[in-house]
1. Would you mind checking the tilt of helix 153-174 against the longest principal axis of the Cα atoms of the chain, expressed as 0 to 90 degrees and rounded to 10?
2. Report the extension gain between residue 93 and residue 276 in nm, rounded to one decimal, defined as 0.36 nm multiplied by the number of residues separating them, less their alpha carbon distance.
3. Which of rounded, prolate or oblate describes segment 1-113 when judged by the alpha-carbon gyration tensor and an a/c cut-off of 1.5?
4. Please compute one quarter of the surface area of the Cα convex hull for segment 265-380 and express it in square nanometres.
5. Arranged by the count of other C-beta atoms within 10 angstrom, fewest first, what order do 297, 362, 147 take?
6. Round to the nearest 10 and give me the degree value, 0 to 90, for the angle of helix 117-128's Cα axis relative to the longest principal axis of the chain.
7. Between 243, 342, 34, which gets the highest mean-square fluctuation from a Gaussian network model of the chain, Cα cutoff 10 Å?
8. Which of 115, 279, 37 ends up with the largest GNM mean-square fluctuation for the chain, with Cα atoms connected below 10 Å?
């Protein structure tokens with residue numbers, strides 16, 4: 001019998017966080033269940049810092065609000081947690097037992113983990129250690145395995161599409177190549193879908209190592225037909241044939257506690273090379289955090305609400321150690337064991353490893369076929 005639950009948001013913010021929180025809270029209120037939120041994600045779990053959400057005015061009117069009213073944590077892994085001591089020294093400690101102790105003493109029957117692959121890796125490990133967890137797939141990258149779509153993704157695509165629309169007028173006016181770099185890490189979902197919705201001419205994604213000459217050929221062919229401008233969308237994880245992704249040190253991120261590099265800069269490289277190869281001026285816009293913030297789209301509001309309500313239903317049914325998913329357009333759930341893939345070691349520093357089951361664009365995906373059909377060059 002579920003009497004008391006808690007919500008934990010983790011990772012980079014996305015539009016839809018609050019909609020999920022609201023859905024869980026309102027479902028709890030409908031069934032007379034207490035609902036709480038750990039503040040600042042896993043940090044709140046470690047420090048046992050939480051607030052009550054049901055009946056709380058703070059948790060009212062949050063459906064259209066971006067971000068997370070209970071905060072979120074990045075680079076905080078309870079199995080390898082950065083501890084700063086009074087003498088200035090730093091150690092990395094496994095505080096998972098403390099987390100289990102906190103949840104048990106607080107009387108939480110379930111902890112909902114809102115996050116991507118790394119978050120759900122920790123959720124699976126904490127479930128093995130005794131915490132009833134239910135994951136809800138969040139990321140603008142849309143790369144969580146076992147689900148057709150993550151909440152936050154649609155809004156990111158919408159923002160990228162609007163950026164393309166705006167760049168289009170500048171490109172046409174000044175006869176330029178306008179390059180838009182979008183997020184996505186190892187997955188090209190945002191780049192591919194926004195390229196289609198924005199009418200881009202070239203889309204470069206991580207799953208298809210590109211030949212810059214192919215992209216230049218497509219742009220030069222447009223020139224021959226009197227079109228003196230082009231729109232190019234580049235995923236941050238895209239890379240040329242036989243070369244690695246463009247990365248840089250991640251400021252403020254500790255390589256002992258998570259991913260120590262960040263993608264970014266590929267768009268600038270592509271712009272420079274295309275300018276040299278085509279003779280057209282090229283400019284790059286890196287969309288960055290604009291993709292994360294702001295009001296969620298209607299689609300993400302509905303999806304997030306469905307995810308939150310479904311997760312609470314599953315908790316009341318006594319199903320734990322699972323991830324809520326959308327399969328073939330219908331709500332469902334899978335074991336967190338399926339989500340972590342071969343990354344089975346408890347306490348592994350992060351998800352998103354070579355052993356993880358990150359969802360990437362496949363060559364038989366309808367988006368790839370559609371892009372090719374409408375003449376978008378994919379650099380191959």
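Since every read-out is calculated from the coordinates, none of them should be taken as a lab result. Just so it is clear, the structure is predicted and the values come from calculations on it, not from any experiment. Cβ atoms come from the backbone with ideal geometry, glycine included; neighbour counts cover every protein chain shown.
1. Between the helix axis and the principal axis of the chain, the angle is about 20 degrees.
2. Difference between extended and current length: 60.8 nm.
3. oblate
4. 11.5 nm²
5. The most exposed by this proxy come first: 362, 297, 147.
6. For 117-128 against the chain, the angle is about 20 degrees.
7. Highest fluctuation among the options: 243.
8. 279
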